[in-house]
1. Taking 60 Å as R0, compute the FRET efficiency from the Cβ-Cβ separation of residue A:242 and residue A:9 and round it to 0.05.
2. Below 13 Å, Cα to Cα, which aspartates and glutamates can residue B:423 reach? Residues fewer than 8 away in the same chain don't count.
3. Which order do A:227, B:274 take when ranked by solvent-accessible area (1.4 Å probe, heavy atoms of all protein chains), largest first?
4. On a 1.4 Å probe surface of the protein chains, which of B:15, B:75, A:35 comes out largest in accessible area, and what is the full order?
5. When a/c is below 1.5 the answer is rounded, else prolate if a/b is larger than b/c, else oblate, so apply that to the stretch B:80-227 with a ≥ b ≥ c taken from the square roots of the Cα gyration tensor eigenvalues.
6. Per DSSP H run of n ≥ 4, the term is -39500 (n - 2.57); total these for chain A, divide by its residue number, and report the mean residue ellipticity at 222 nm rounded to 500 deg cm²/dmol.
7. So between residue B:304 and residue B:125, what do we pick up on full extension, going 0.36 nm a residue minus the alpha carbon distance?
8. Which whole-number percent is the relative contact order of the stretch A:181-246 (Cα, under 8 Å, 6+ apart)?
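The values are calculated or read from the model by the stated rules, or taken from the named source; none is laboratory data. Computed from a predicted model, the values in this text were never measured in an experiment. Positions of Cβ are backbone-derived with ideal geometry, glycine not excepted, and every protein chain shown enters the neighbour counts. Accessible surface is based on the protein model in full, side chains and every heavy atom, while ligands, DNA and RNA are left aside. Shrake-Rupley method; radii C 1.70, N 1.55, O 1.52, S 1.80 Å.
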Amino acid sequence: MVRLPYTTALTTLFSYGLLFVFGQLRDFFRKLLGWIRKPKDQLKGYAPICLGLEDFYVRRLYLRIQDCFGRPIASAPDSWFDVVERCSNDNNKTLHRTEKTSRCLNLGSYNYLGFAAADEYCTPRVIQSLKEYSASTCSTRVEGGTTKLHVELEELVARFVGKEAAILFGMGYVTNSALIPCIIGKGGLIISDSLNHNSIVNGARGSGATVRVFQHNTPSHLEEVLREQIAEGQPRTYRPWKKIIVIVEGIYSMEGELCKLPEIIAVCKKYKAYTYLDEAHSIGAVGKSGRGVCELLGVDPADVDIMMGTFTKSFGSCGGYIAASKEIIQYLKFSCPAHLYATSMSPPAVQQVISAIKVILGEDGSSRGAQKLARIRENSNFFRSELQKMGFEVLGDNDSPVMPIMLYNPAKIPAFSRECLQQNVAVVTVAFPATPLLLARARICISASHTREDLIKALEVISKVGDLIGVKYFPAEPPKHLNQGHNKLE
Amino acid sequence: MALAMVNVTASVLDWVSSYFDAPTRAVVFGVPIDGHLVVEALLVVVILFQLTRKSYKPPKKPLTEKEIDELCDDWVPEPLTPQITEDMTYEPPTLESAAGPHAIVNGKEVVNFASANYLGLVGNEKITDSCVGALEKYGVGSCGPRGFYGTIDVHLDCEQKIAKFLGTPDSILYSYGISTIFSVIPAFCKKGDIIVADEGVHWAVQNGLYLSRSTVVYFKHNDMKSLENKLEEVTRRSKHPEKVRRYIVVEAIYQNSGQIAPLDEIVRLKEKYRFRIILDESHSFGVLGNSGRGLADHCGVPIEKIDIITAGMGNALATDGGFCTGSVRVVDHQRLSSSGYVFSASLPPYLVSAAIAAVDYLEENPSVLSKLRTNIATLFNELSDVPGLVLASHILSPIVFLKLKKSTGTGKTDIDLLDSIAKQALEEDSVLIATTKRSSLDKCKLPIGLRLFVSASHSESDLLKAAASLKRVAALLIS
């Protein structure tokens, strides 16, 4: 729920307009110079890769602030890491690496439970499995790529999430885009949340089914859309739909909001639609024992038909999984192209997930898992409440480790990013096209490996930079003592 | 009767014309009102009157809430997945060791022909050491997409290394083998563009072609005559050849048949008709050519003539992920508009260091390529007289593809026969062979068969053992 004040909207539009005018001027001069200089002969007869306006945004707006994105790092993405400094000789058009690095606080990586760097329980086991199974199986799952580790992890994931069976894939993006065409095709209807991730959009488009969108996180609008669609049937032929699938995410990565899962499940049950829950950011990060949004909101996993998740965020590995009933998983193993044609997940990565899940469940014999879960919850809640007290506009619900801070103006994006980097805090700023044009934001991801001192330093820096740029859109509360309620879990 | 009609008509006409030709009866506002003006004015009034009448539309009754409720109650959805049948319960063999030339399945040691481990790098000491170093330094995952602190210095090193090895200006890394090609194609081809593709391309390419929404024309598998005809047809039909982007999509070594694409012929056609080439070198990178640089090296074509080269690294380089290389413009464009690059986490650093170590190994030991070639030739020779099966792949291809000489009737019985051959070979002779599996979403119509992936680390006895086993089992099962 973003409350965009009128003056801010006007100034943002004005800034974009100015940038657009200047971009067009520079394009005009470039075309002029192009006429004067002769074109290269070898490209004659070929259409250019990008015509005129298609990459206007990239050339004239994005390239100016290119140094805020794609910053290389030289160490593990832990709570403190080394950011490589880059320099440019031609006004940000090309960036070159230098040898210098600076140690910064990491507020941008998806490292929710702190498994990103070498871990005392996981890393020795990962190295062991690397020596035993080598880095890759060079084969697909159905030919010679299934190892004992894969079978073990599938059972463990199914047990962790609370479903009957699970299937693994080597990449989270492919999980969505290769799975949705498998379970629905022409004659079916997909109703997806308006802010769903690009992988879901690609999968829905690739399936051939009709796609309709409902307003973000609004179960009443979902009900309206369902009623209308079931009553009307397929477009043009008016035949009844073969099946309807509703796709939602657990935590939306650009808003930090939790999905209103109980209401949505109730609506879907009433109208006999199937539900597909994408828990990329929420598995392992929320819930009392890390089991995700279902546990946090009190929903029975048996009510959700298909649960999908990735291992990149909370488990510090790579890959994705689908958990559902035995029949669905059996069918997927038979016909899903990502299972039949793609290289199987790398065995050390599988071992990392197995060890991480064992730590979270406490099966490694220590209570580190429970400590990590408690810490990430406290860190998120503390950080969010402090930011709100300072007067920033922060989105997202309580308990969610993702918190976007609204910036709006295009000039504030590089300003925030560069100023924070100078003070050794690394943040992520997001603009169009990942978010709507007027709603640019900085996104903070809290980790269980951040200590209370780290968070306090981050708050100081962000507050100073916020004052400097002017992003404190709301009135600040009078500052209380920050060390009140210091937790002894460290 | 006719005369009476004529008389009546004539008198009516006279009457009408008398009104038309009536002399001016009145002068209103200086305009003389002739007779015909009155008739015309009446006609205009009648027309206007008709226009103002509403046309008859049957009344529209929107559905009431109660009717919608009834429809929703009546509607019964199909089950999410179809009924599970007998052939859907296939369980693949589970490995208990690394997927090298000899692997352990169900406690027994088998000769492994199901891993595309062409250079024998699975289990290589140097690569394992570099991976261990990377694991201790960077952990396992990279925890972020490339744009948000997921770019680690090893990624940049690897991109430069691959570009230097191939001789191109720049390259870009992807985090998964099959997502490379189906992210690259939609990044360059949009609605309205024209693509001419081989009909035997694998599913990932087909998915990329579908997602790009361009016009796709298929030509007969590896048939240059058919390609030329299609290019001719497409160029003739297109209206603005300078504004429309046109691509030819081929694979260097086709996964579905083991054929090798004749690149010099394709480049000649591309220059004649002004198309760009997208070449997928997943199975030929590190295999073909004197130094392993792929199909361009093998055919003696300068690498600048190929516009876009993609490859998955899960085969010869024994790691995971993929890369794409080409001119600077091509690579830069993908950094912001390729969905598999922008919206997905980057490749884990230990796999990247494995890739760097693998390319180093290939540069230092080019003799491994000649060993691979000898192995392929030996196996090809041995398998040329298997009863009931015929070799369908190219003589230089590391994927040795055997298809049935005569189909047993339906596709299903063919698959069952091949599966039983592979199963018996595994259980009785300890030789692990793969049959091609086709997904229901795959549109490729090429015949299925048995695939053997030859590796440089297979010994001669391994190859002879596999050939003997196949001959024996095929003689038993194929009547």
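1. Values: r = 43 Å, r/R0 = 0.72.
Using R0 = 60 Å, I get an efficiency of 0.90.
2. A:143, B:91
3. Numbers: A:227 35, B:274 95 Å².
Largest to smallest exposure gives the sequence B:274, A:227.
4. Values: B:15 155, B:75 20, A:35 200 Å².
In descending accessible area the options line up as A:35, B:15, B:75.
5. Numbers: a/c = 1.74, a/b = 1.15, b/c = 1.51.
Oblate, because a/c is 1.5 or more while a/b does not exceed b/c.
6. On the way: 14 runs with 190 residues, N = 490.
The helix-only estimate for chain A comes to -12500 deg cm²/dmol at 222 nm.
7. On the way: separation 179, 0.36 × 179 = 64.44 nm, distance 3.50 nm.
So the extension gain works out to 60.9 nm.
8. On the way: 83 pairs, mean separation 27.3, N = 66.
So the answer I get is 41 percent.
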